[in-house]
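A quick write-up on the structure given underneath.
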Amino acid sequence: MLSRIVGLPGDSIKIKYDFCIINGIENRYRLKQKSKWIESDRNNDLYEEIFPNGKSILIYHWPDIEREEYITETIKIPDDYFFIMGDNRSNSYDSRWVGAIHRSKIIGKVIKITPAK
């Protein structure tokens, strides 16, 4: 599984739909492109997610499937654990479903992402 670390040990994190609130601060989101999912009529919008430290990533969000189960309670991440999420937030099996991941389960680091042509 390839996911991003969005919460560190000691952080408090809450997820509202596909959007992160870390230590009480909601990440900022900028809509980059509205699009449709190829296999259906479902929207699959591309957002820039901007973390409080200024770093940003691109994520996908399906706005037409915002359901209550996509809202988590605030959790505190224990020592040696990390909260991970996939970039295709609405279709990702990640810490929202399996909980925080222990440090020993992290086996690598992405050093380059090459977009598909």
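The values are calculated or read from the model by the stated rules, or taken from the named source; none is laboratory data. Source: prediction; values computed, not measured. Note: ideal-geometry Cβ built from the backbone for every residue, glycine included; neighbour counts use all protein chains shown.
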What number of residues within segment 88-97 are in a helix (DSSP H, G or I) and out of contact with any strand residue (DSSP E or B) (no Cβ under 9 Å at 6 or more places or on another chain)? 1
Subset tally (residues that are free of Cβ contacts under 8 Å to residues at least 60 places away in the same chain and of a type in the set (Lys, Arg)) for segment 1-23: 1
Across segment 61-87, the tally of residues that are at pLDDT 70 or above and part of a loop (DSSP other than H, G, I, E, B) stands at 10
Can we say Asn23 is out of contact with any His (no Cβ under 7 Å at 6 or more places or on another chain), of a type in the set (S, T, N, Q) and at pLDDT 90 or above? yes
